[in-house]
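Let me begin by presenting the structure, written as structure tokens, before commenting on it.
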């Protein structure tokens, strides 16, 4: 039994949540994958996976072994990358975790050139709205906004953008335009729900007079950014969020900026990866490319993208 090969198979089964999907990725039969995992379990003397007719899940021992496998395989890959970096193009599967907003606004417009530069890298973009542990979830890179306190990751700050307030022309015609943040208490506002607490996040504004914190109760809230934006376009209320997320809609006239005297810098945007002794060439290539597209300290400029705007897609 080739233990390293079995460890790789086990990781594929866990991350793809299926023997058949893992078999396709490994280009072998599902029966062979199942047999090899069973051989591995007999060798270790523990059950790693709890199997049903529809799915498989890790046992407690399996979770511990998965973390061990990821560490061992990463060390091997990084060691190989250290010696191959100068003579071998970056290649392999790269799992990138980001919100729908970051994928649609920051990544899609620049992925074409990245794919041309590094055709051997297989990108997997994971849509999430909550914080994953980049080391435990089988991820390579993640995008986050705000301070990162995890000492196990290295974070590179990207360019800067602003937090702005906007509404559709139809809403403003129907309900009027607020002149100060305090006026929002008399308007319909589209709130953002914190996935961890289930509560709406406050809206913060700053001007020369100081900071104002508003907790608008507009009767409508989402825990997903694109849905909030779509609701604003439909005239359901006032939106506050990243300026980079609105540029296309402002140009189209679907939304209008309001409260322009209370535009504030957004929390910093980071691209982060697990802290290792040796950084793999595929992660280095991706992170360096993203930092090249959105240099730190500079205003984020989104390249023109011919893809249809997800907000305006219709069934």
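Just so you know, all these numbers are worked out from the coordinates, no wet-lab data involved. Here the structure is a predicted model, which is why all the values come from computation and not from measurement. Cβ placement follows ideal geometry from the backbone for every residue including glycine, while neighbour counts extend to all protein chains displayed.
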(message) For 4, 255, which order do you get if you count the other beta carbons within 10 Å of each Cβ and list the fewest first?
(response) 4, 255
(request) Calculate how large, on average over all directions, the projected area of the Cα convex hull of the chain is; give the answer in nm² to one decimal. (result) 19.7
(request) Report the relative contact order of the chain, percent, no decimals, based on alpha-carbon pairs under 8 angstrom and at least 6 residues apart. (result) 22
(message) Sort 262, 203 by Cβ crowding within 10 Å, fewest neighbours at the top.
(response) 262, 203
(request) Can you bin segment 162-265 into rounded, prolate or oblate? Criterion: square roots of the alpha carbon gyration tensor eigenvalues sorted a ≥ b ≥ c, rounded for a/c under 1.5, prolate for a/b above b/c, oblate for the rest. (result) rounded
(request) Quote the relative contact order of segment 3-83 in percent (integer), defining contacts as alpha-carbon pairs under 8 Å separated by 6+ residues. (result) 27
(message) With angles folded into 0 to 90 degrees, how steeply does helix 30-44 sit against the dominant principal axis of the chain? Use alpha carbons for both and round to 10.
(response) 70
(message) For the chain, take the longest principal axis of its alpha carbons; what is the angle in degrees between that and the long axis of helix 3-16, to the nearest 10 within 0 to 90?
(response) 30
(request) Fewest Cβ neighbours within 10 Å first, please rank 196, 71, 8 accordingly. (result) 196, 71, 8
(request) For helix 60-84, report the angle its Cα long axis makes with the longest principal axis of the Cα atoms of the chain; keep it between 0 and 90° and round to the nearest 10°. (result) 90
(request) Counting only C-alpha contacts under 8 Å and six or more residues apart, can you give the relative contact order of segment 162-265 as a whole percent? (result) 47
(request) Grab the DSSP H runs of the chain that are 4 residues or longer, score each as -39,500 (n - 2.57), total them, divide by all residues and round the 222 nm result to the nearest 500 deg cm²/dmol. (result) -10500 deg cm²/dmol
